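Please treat every number below as a calculation from the coordinates, not as lab data. The structure presented is a predicted model; accordingly, all values stated were derived computationally and were not measured. Backbone-built Cβ (ideal geometry, glycine too); neighbour counts: all protein chains shown.
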Amino acid sequence: MEGPVIWLGDGYEARPLTLEAYRDACARLEGRIFGGNWGYAFDRPVKSPLPLGETFQWGLYHGDDLIGWHHAHQQGERTVYMADTGILPEHQGRGLYSRLLPHVVEVYRQAGYTLVQSHHRATNNRVIIPKLRAGFFLQGLNLYEGGLNVALTLSLDDTYREAMHVRSGFRQAVGETARRLGLNLGPGEEREKAAPCVPMPELPDTEAFDLGGGYTAHPVPYKVYWATYKQLEDVAYQSVSFDWQGAPTASGPTAPSWAWLIAREGEVVGWSAARAWNERTVYMSNTAFLPQHRGKGLYTRLLPHLLDTFQREGYPLVRSHHHVTNNAVIVPKLRAGFRIQGLQTDEHGVMAVLIHAFDPVYRDYMDARSGLTRPRGEVARRLGLHLREDEA
C-alpha cells in the first residue's frame, strides 16, 4: 500500500515508494546510515523469505535528494511492524523522526491496525525517546544478530493501552479493561484520594535545590523521608504491588543513603531517595510527586541535581527501576543520559532497569554491547580485543 505525501517542514517531505524502490534505496544508502552498527554476519539463508503481507514505504527527501526512508509491513491481523527507518547522518538531529511518526501512525490507524510495533537497539535513545513520547511502551528485550534490542508497542486501542498498564503493575484493573482481562470485579466506586497536608519538617540549615516555580528540594535524613513517605504513599501512587503480609523478619543491608523532600509554600509535594547498590553504583529507589504537582517538568529539573550529588560522592554508575509503561519517568531519564539495560519482574510489577554512566568509556561500552556501535579504542582494549590498527 502506498501512503500520502507527508510534509515535514524545512524543505523535507516523505514521498510514497514502491517496495522495489525502497529496496533499491537501501542498497545505495544503508552503508552510510548503518555502517557504524555492530551486527553478526550470517551465511546466506537456505530458506525463502516469508511473504510480507501489506507494506508501507516512504522515501525521505530534502528537495530532490533522497536522504532516508521508512518501511513497515503487516505482522498478523492486528499488527503493523515498523521494520526500518534510516536517515543519512548529516540530516539527523533535526527532529525529522519525531515529525514523521504521527503521520505514519495515522496511516496505520486508517488502514485498520490496532497495534504498531518496532525494535531498536537498547541504547539508541535518539529513536527510543521519540517513540515513547509518541505513546509507545517498552514491552521487552531480545538478543539477536544485531545486538540487544528493545521491543516497543503502540496501542491504537485505549482499552488495550490500559491493559498494558495493568500488566506492568502501573495501574489497577477497572471497568472495561478489567472485563477484557477476565476479572469479574464487585461493585465499588473509585474515588481519588485527597492528599493530606504535610508541612515541611523543621530542618537544620542545608543547601536546597531551587527547582523553579516556587519548588525546592531539601536534603533530609533518611528516617525523616521515610516518615513523610508513609503519610503520602497512598495518594502518590496508582501502582499495584504485591502485599507481602507483614514486615520482613531479616534486617536489610546497611549502605549509604540519600533523601530529599520537595516543598512548595511550606508543604511537602514530593520526595526522592537513593542508596548505594554496590561500591560502584547508586540506586535511585524512589521518587514521586503528588498528582496535582505533576506535568510541570519537576522531575526533569530535579535529575541534574541528584546526578551531580551522586557523581561527587564518587559513584560512576546510577541505577533505577521503573514500571515499563511509566513513560512520564522513563523519558526524562533517557533524555538525561540513562540507557535501558534490562527488564525484571519484582513485587512492584514488570520493571525497566535503567543505568546512567558518568564514565564515557562505559557509555561507549553499553553502545557496543547493544550493537549500536562497534568496539573501538579504549572500549576494545577493556574488552581484551586486539584490533588491527585500521579498525582500532
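In the chain, helical runs assigned H by DSSP with n ≥ 4 each contribute -39500 (n - 2.57); averaged across all residues and rounded to the nearest 500, the mean residue ellipticity at 222 nm is -9000 deg cm²/dmol. At full extension, Arg109 and Asp308 could sit 67.3 nm farther apart than now, given 0.36 nm per residue minus the alpha carbon distance.
Multiplying each eigenvalue of the alpha-carbon gyration tensor of segment 185-323 by 5 and taking the square root yields semi-axes of 25, 21, 15 Å, largest first, rounded to whole angstroms.
Dipole check for segment 76-232: with +1 at the C-beta of Lys and Arg, -1 at the C-beta of Asp and Glu, and the Cα centre as origin, the magnitude is about 320 Debye. Summing Cβ point charges (Lys, Arg +1; Asp, Glu -1) relative to the Cα centre of the chain gives a dipole of roughly 420 debye. Provide the FRET efficiency to the nearest 0.05 for the Cys26-Thr159 pair, computing r from the beta carbons and using R0 = 41 Å. Calculated transfer efficiency: 0.65.
Highest mean packing comes first when the peptides 267-273, 328-334 are listed by Cβ atoms within 10 Å, giving 267-273, 328-334. Shape index of the chain: Rg/Rh, with Rg the Cα radius of gyration and Rh the Kirkwood radius from the inverse mean 1/r over Cα pairs, equals 1.00. Each listed q (0.11, 0.13, 0.24, 0.26 Å⁻¹) maps to a log10 I(q)/I(0) for segment 282-362, found by the Debye formula over equal Cα scatterers with no solvent: -0.29, -0.41, -1.28, -1.41. Taking packing as the residue-averaged number of other Cβ atoms within 10 angstrom, the listed peptides 244-251, 200-207, 362-369, 46-53 run from highest to lowest as 362-369, 200-207, 46-53, 244-251. The chymotrypsin sites (Phe, Trp or Tyr not before Pro) found in segment 42-93 that occupy coil by DSSP, while having at most 15 further C-beta atoms within 10 Å, are Phe42. With contacts taken as Cα pairs under 8 Å at a separation of at least 6 residues, the chain carries a relative contact order of 14 percent. Pairs exceeding a 29 Å alpha-carbon distance, out of Lys131/Lys223; Lys131/Lys230; Lys230/Lys333: Lys131/Lys223; Lys131/Lys230. In segment 87-233, the C-alpha radius of gyration followed by the widest Cα-Cα span (Dmax) gives 21.8, 62 angstrom.
So if we plug the beta-carbon distance of Gln231 and Leu203 into 1/(1 + (r/R0)^6) with R0 = 22 Å, what FRET efficiency do we get, rounded to 0.05? The pair Gln231/Leu203 has a calculated efficiency of 0.85.
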